């Protein structure tokens, strides 16, 4: 029963972390910048994950693919080992950290997810327009990269 209690306590912390982060992202979106108080709160909340996420935003390594004419959107973070597909509404990232720390309940968000939300809130990402014929090709490539990274670890 103790492990259940511990897991429940971790879940609440992770849920609260996500709720607070979304609230701060809403404020950032409305203000168009990160005020010092929110910068410090994010650093306190995420620590090194925030630093890594901010580096991705600064270097414009978050990509928003828009497929036409369907209007489908795909988000990708360019990380150190390749491109990681991000599904923001599902809270999913194709990186190893997601599988080993987020899925296990150690943390609520990998730094790629943090970077995507910050980049979207600040409108600071690379936008790429592609034809719908490339959607299946690109998503298959991102899945393949994700599976290869997991297999090599």
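Quick one: what pairs do we get from the stretch 59-88, first residue on the phi > 0 side of the Ramachandran plot, second part of a strand (DSSP E or B) and surrounded by 13 or more Cβ atoms within 10 Å (Cβ to Cβ), C-beta under 7 Å, 6+ apart or different chains? Within 7 Å, the pairs are 60/126. When 46, 4, 50 are checked against the criterion of being modelled with pLDDT under 95 and within 15 Å of residue 117 (Cβ to Cβ), a single residue qualifies: 46.
Among the residues of this structure, residue 126 counts as one that is over 21 Å from residue 19 (Cα atoms), in contact (Cβ under 8 Å) with a residue 40 or more places away in the chain and loosely packed, with under 15 Cβ neighbours inside 10 Å. State whether the residues of the stretch 131-149 include one that is assigned to a loop (DSSP other than H, G, I, E, B), in contact with a strand residue (DSSP E or B) (Cβ under 9 Å, 6 or more places away or on another chain) and surrounded by 14 or more Cβ atoms within 10 Å (Cβ to Cβ). There is no residue in the stretch 131-149 that is assigned to a loop (DSSP other than H, G, I, E, B), in contact with a strand residue (DSSP E or B) (Cβ under 9 Å, 6 or more places away or on another chain) and surrounded by 14 or more Cβ atoms within 10 Å (Cβ to Cβ).
When the stretch 11-32 is limited to residues that are free of Cβ contacts under 8 Å to residues at least 60 places away in the same chain and more than 25 Å from residue 105 (Cα to Cα), the one that is surrounded by the fewest Cβ atoms within 10 Å (Cβ to Cβ) turns out to be 30.
Consider the stretch 65-96. How many of its residues are under 13 Å from the mean Cα position of the chain (by Cα) and either closer than 16 Å to residue 137 by Cα or surrounded by 14 or more Cβ atoms within 10 Å (Cβ to Cβ) (or both)?
Number satisfying all stated conditions: 16.
What do you reckon, is residue 54 under 13 Å from the mean Cα position of the chain (by Cα), touching a residue at least 60 places away in the same chain (Cβ under 8 Å) and surrounded by 20 or more Cβ atoms within 10 Å (Cβ to Cβ)? Yes: the conditions hold for residue 54. Looking across 114, 62, one residue alone is in contact with a helix residue (DSSP H, G or I) (Cβ under 9 Å, 6 or more places away or on another chain), surrounded by 12 or more Cβ atoms within 10 Å (Cβ to Cβ), modelled with pLDDT of 95 or more and closer than 21 Å to residue 13 by Cβ. It is 114. Would you tally the residues in the stretch 57-81 being in contact with a strand residue (DSSP E or B) (Cβ under 6 Å, 6 or more places away or on another chain) and under 20 Å from residue 97 (Cβ atoms)? Residues flagged as in contact with a strand residue (DSSP E or B) (Cβ under 6 Å, 6 or more places away or on another chain) and under 20 Å from residue 97 (Cβ atoms) within the stretch 57-81 amount to 7. Flag not set for residue 109, criterion: in contact (Cβ under 8 Å) with a residue 60 or more places away in the chain and farther than 28 Å from residue 151 by Cα. Of everything in the stretch 101-128 that is touching a strand residue (DSSP E or B) at 6+ places or on another chain (Cβ under 7 Å) and not in a loop (DSSP other than H, G, I, E, B), the residue that is farthest from residue 24 (Cα to Cα) is 128.
The values are calculated or read from the model by the stated rules, or taken from the named source; none is laboratory data. Bear in mind the structure is a predicted one, so any value in this text is a computation, not a measurement. Here Cβ is always computed from backbone atoms with ideal geometry, including for glycine, and neighbour counts include all displayed protein chains.
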